[in-house]
Amino acid sequence: MRLTKTTFWGAALLLACGAAMAEITVTDDDGNSEVIYDVGKLHVAPGAQITYDYCTACHSEMIIAQQGQTREGWDEILVWMVEDMGMGEIVEEDRDLILDYLATYYNPDRPHFPQN
Ligand code: HEC
């Protein structure tokens, strides 16, 4: 890792908080990549961090991990979160990333259904 001022203070802050998480960059087969620092129990893959950041403001990520939906199903859930649950509008670009992540890793085959 290149030690820039920001990463230095970021690392210092993490250590100060006693957090065990370290930043890692993940890349999938399509070449999408994302820096992951904390995604709780979500499957680590590109899109996990943005999903975690947007979706755990009100509830645990376990609520998400226990679901298995198609992209359309997730799309409806996102509409529901925004229209009825008080979630702020999600920027289109971010929304696509979240939907891609959810439909890939939390689809009806439930490849990452939580075990505990
Ligand atoms: C502003 C608060 C808020 C945010 C942000 C939010 N949710 Fe929710 N979500 C809720 C509430 C409240 C419930 C409980 C609804 C209920 O069970 O009646 C819920 C429930 C759910 C459920 C469970 C539905 C079910 O059938 O039990 C899923 C799945 C879900 N949210 C997904 C998401 C995803 C994905 C995101 C991020 C894109 C997200 N939520 C962001 C408030 C929020």
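Remarks
- Charge context of residue 104, other residues only, Cβ under 11 angstrom, K/R +1, D/E -1: -4
- Cβ-defined net charge surrounding residue 64, 13 Å radius [Lys, Arg +1; Asp, Glu -1]: 0
- Order by protection proxy (mean Cβ within 10 Å, highest first), peptides 42-54, 67-79: 42-54, 67-79
- Once the Cβ-Cβ distance of residue 38 and residue 72 is raised to the sixth power relative to R0 = 25 Å, the FRET efficiency obtained is 0.30.
Rule-based calculations on the coordinates, nothing more; no lab input. Just so you know, these numbers come straight off a predicted model, no measurement behind them. FYI the Cβ positions are ideal-geometry reconstructions off the backbone, even for glycines, and counts take in every protein chain you see.
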